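J.: Sharing a structure with you now.
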Amino acid sequence: MGPELYLSYPSAFLIGLLGSSHCLGMCGGISASLSMALPVGKGFRIRQTLMLLAFNAGRITSYALIATLVALLSTSAANQWSELGVVLRSVAGLLLIVMGLSMGQWWQGIRHIERVGAPVWKRLSPLTRRFLPVNHVGQALALGALWGWLPCGLIYTTLGWAALQPTVGSAALTMLFFGLGTLPSMLATGYAAGWVRGLQGHRLFRKLTGALLIVFGIWTLPLTGALAH
């Protein structure tokens, strides 16, 4: 890949896994409500699992779609402006640092970044009501696809890194692996696993997660890459 530093798929998965406590605050509620809306009885667990998988499949698919749209712009621009890679790396690194500060509960500046997607969500959020209450898998899938556009600092942070990828396909795969990293926590929340919230809400866990994200961010910055060489 030359001197550029691209996000590996395992790293994207790890960011999703570590940062999923942020996702629980934004998507955990709707995930849990899918389970609560189902009537308890024969086959409950199967129906619950299908609903949760469908919702999260829709959500992760939207992440990959957003990455595709971003990468179409970034790769096209990079072909015309050779210095764009340095700019993108700087933005990606800084976003990760800001996200890490938020996760560690040191500074919540990420909230300002989340406002970037507010106009799009304002148009899409009314559509979610059409699929509530969720009665079948198709509704869960559609609801998840819409929910994937919810303004989220963690998503935007990973998108910044996805934009560094050399192709549109690799950018989409980066967000796919990120989404898969968030899946365990989201499924556990849907199954009403309170211990997940307890762990991810623990002060030490959040601070360690925040510190790791900050390290990822510093590692991404162009200056760090130049020093490494």
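The values are calculated or read from the model by the stated rules, or taken from the named source; none is laboratory data. Source: prediction; values computed, not measured. Positions of Cβ are backbone-derived with ideal geometry, glycine not excepted, and every protein chain shown enters the neighbour counts. Accessible surface areas use protein heavy atoms only, side chains included; no ligands, DNA or RNA. Shrake-Rupley method; radii C 1.70, N 1.55, O 1.52, S 1.80 Å.
J.: Out of all the residues in the stretch 89-105, which are within 15 Å of residue 171 (Cβ to Cβ) and surrounded by fewer than 23 Cβ atoms within 10 Å (Cβ to Cβ)?
T.: Listed by number, the list holds a single entry, 91.
J.: Then there is this: Restricting the search to the stretch 165-196, which residues are more than 14 Å from the chain's Cα centre (by Cα), modelled with pLDDT of 85 or more and crowded, with 17+ Cβ neighbours inside 10 Å?
T.: Within the stretch 165-196, 165, 168, 170 qualify.
J.: Residue by residue through the stretch 1-38, note down the ones that are modelled with pLDDT of 75 or more, open to solvent by less than 40 Å² (accessible area, probe 1.4 Å) and assigned to a helix (DSSP H, G or I).
T.: First pass over the stretch 1-38, keeping only residues modelled with pLDDT of 75 or more: 8-20.
Those left that are additionally open to solvent by less than 40 Å² (accessible area, probe 1.4 Å): 11-12, 15-16, 18-20.
Of everything in the stretch 1-38, those that are modelled with pLDDT of 75 or more, open to solvent by less than 40 Å² (accessible area, probe 1.4 Å) and assigned to a helix (DSSP H, G or I) turn out to be 11, 12, 15, 16, 18, 20.
J.: Within the stretch 39-46, does at least one residue satisfy the condition of being under 28 Å from residue 17 (Cβ atoms) and either touching an Asp or Glu at 6+ places or on another chain (Cβ under 6 Å) or buried (at least 18 other Cβ atoms within 10 Å of the Cβ) (or both)?
T.: no
J.: Assess whether residue 130 counts as being without any contact (Cβ under 8 Å) to a residue 40 or more places away in the chain and surrounded by fewer than 21 Cβ atoms within 10 Å (Cβ to Cβ).
T.: On the way: without any contact (Cβ under 8 Å) to a residue 40 or more places away in the chain: yes; surrounded by fewer than 21 Cβ atoms within 10 Å (Cβ to Cβ): yes.
So residue 130 passes the test.
J.: Okay, next question. Going by what's in this entry, would residue 113 be described as touching a Gly at 6+ places or on another chain (Cβ under 7 Å), modelled with pLDDT of 90 or more and not aromatic (Phe, Trp, Tyr)?
T.: Working: touching a Gly at 6+ places or on another chain (Cβ under 7 Å): yes; modelled with pLDDT of 90 or more: no; not aromatic (Phe, Trp, Tyr): yes.
In short, no.
J.: Please determine whether any residue of the stretch 136-150 is closer than 23 Å to residue 209 by Cβ and open to solvent by 30 Å² or more (accessible area, probe 1.4 Å). Please lay out each step first, then the result.
T.: Kept after step one, since they are closer than 23 Å to residue 209 by Cβ, are these residues of the stretch 136-150: 147-148, 150.
Going one step further and asking which of them are open to solvent by 30 Å² or more (accessible area, probe 1.4 Å), we end up with 147.
Within the stretch 136-150, one or more residues are closer than 23 Å to residue 209 by Cβ and open to solvent by 30 Å² or more (accessible area, probe 1.4 Å).
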